[in-house]
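Worksheet: the structure to be examined is printed underneath.
Read the figures in this text as sums done on the coordinates, not as results from a lab. Bear in mind the structure is a predicted one, so any value in this text is a computation, not a measurement. Heads up, the Cβs are rebuilt from the backbone with ideal geometry, glycines too, and the neighbour counts pull from every protein chain shown.
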Amino acid sequence: MLITVAIVEDLEEIREGLKSYIDPDPEFAIACTCGTAGEALIALPANQPDIVIMDINLPDMNGIDCISAVKDDCPHTQFMMFTVYENDDKVFQALQAGASGYLLKNATPAHIVEALKELYHGGSPMSPNIARKLVNIFRQEKKTITTSSLLGRRENDVLQLLAQGLLYKEIAARLSITVGTVRQHIHSIYEKLHVQNRTEALNKVFKK
């Protein structure tokens, strides 16, 4: 089954660039593209894509508000922020609105495609510097990362690399295991910690 992707981005050259990265991959199909939030509010419920790549800086409504407005009408859709913004407020507003991933526009085409696959399979991909920002914010709030006694040694290894913002295939390479094994470990981590994604898992193991 193809992974359907919608692109919400006001700049045509970026929309077309994303299409050129994604469309050739046999695992994907482009469901629709939108240049404004207004278009997205109509097109996304009509198409019910698996994933939406969402820009923040749209001309009529910012992408974070667009997610909030459309999410209930697209209950099975995952949202990936794709933006130049990396300040703390934007990151947390996007995650609170329902985004499951957050990539910066300087991400490579290969990284974007891998992140979309990871998102579809239950991950929460982020650009490495965004993941580091989350870690630093937790530390600024006088929290320190701990090894969870609920997790096995290898699961804790995987969790530490997730905290660094690594993609599944990068974790696999770092630990000399397969991507499938990484997915198994992450599924086990989420089950043991009773969480749904990377952000919730990091919150769970950052203790005061």
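Assign one of three labels to region 39-133, namely rounded, prolate or oblate, based on the Cα gyration tensor with a ≥ b ≥ c the square roots of its eigenvalues; rounded applies when a/c is under 1.5, prolate when it is not and a/b is larger than b/c, and oblate otherwise.
oblate
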- Query: Per residue of the chain, what 222 nm ellipticity follows from adding -39500 (n - 2.57) for every DSSP H run with n ≥ 4, rounded to the nearest 500?
  - Reply: -15500 deg cm²/dmol
- Message: Greater than 23 Å separation of Cα atoms is the criterion. Which listed pairs, Lys71/Lys169; Lys105/Lys169; Lys105/Lys192, meet it?
- Response: Lys71/Lys169; Lys105/Lys192
- Task: Apply 1/(1 + (r/R0)^6) to the Cβ-Cβ distance of Ile42 and Leu175, taking R0 = 35 Å, and write down the FRET efficiency to the nearest 0.05.
- Result: 0.20
- Task: Enumerate the calculated ³J(HN,Hα) couplings along region 177-186 in order (Karplus 6.51 cos²θ - 1.76 cosθ + 1.60, θ = phi - 60°), each rounded to whole Hz, writing x wherever the residue is Gly or Pro.
- Result: 10, 7, 4, x, 5, 4, 4, 4, 4, 5
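What does the C-alpha gyration tensor say about the overall shape of region 82-128? Classify as rounded when a/c is under 1.5, otherwise prolate if a/b is larger than b/c, or oblate. Can you show the working numbers first?
Values: a/c = 2.84, a/b = 1.27, b/c = 2.23.
Oblate is the answer for region 82-128, as a/c is 1.5 or above yet b/c matches or exceeds a/b.
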- Length released on extending from Asp72 to Asn129, taking residue separation times 0.36 nm less the Cα-Cα span: 17.5 nm
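Going by average Cβ neighbours within 10 Å, how do the peptides 19-26, 47-54, 196-203 rank, with the highest at the top? Mind showing how you got there, number by number?
Numbers: 19-26: 13.1, 47-54: 23.0, 196-203: 18.8.
Highest mean packing first, the order is 47-54, 196-203, 19-26.
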- Task: Might you report the magnitude of the Cβ-based charge dipole of region 57-132 about its Cα centre, with Lys and Arg at +1 and Asp and Glu at -1, to the nearest 20 debye?
- Result: 220
- Item | Amide H contacts of Thr4 (H built 1.01 Å from N, under 5 Å, at least 5 apart or other chain) | Ala29, Asp50, Ile51
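If you count, for each residue, the other Cβ atoms within 10 Å and average over each peptide, how do 93-103, 182-192 line up from highest to lowest? Mind dumping the intermediate values first?
Details: 93-103: 21.5, 182-192: 18.1.
Averaged packing, sorted descending, gives the order 93-103, 182-192.
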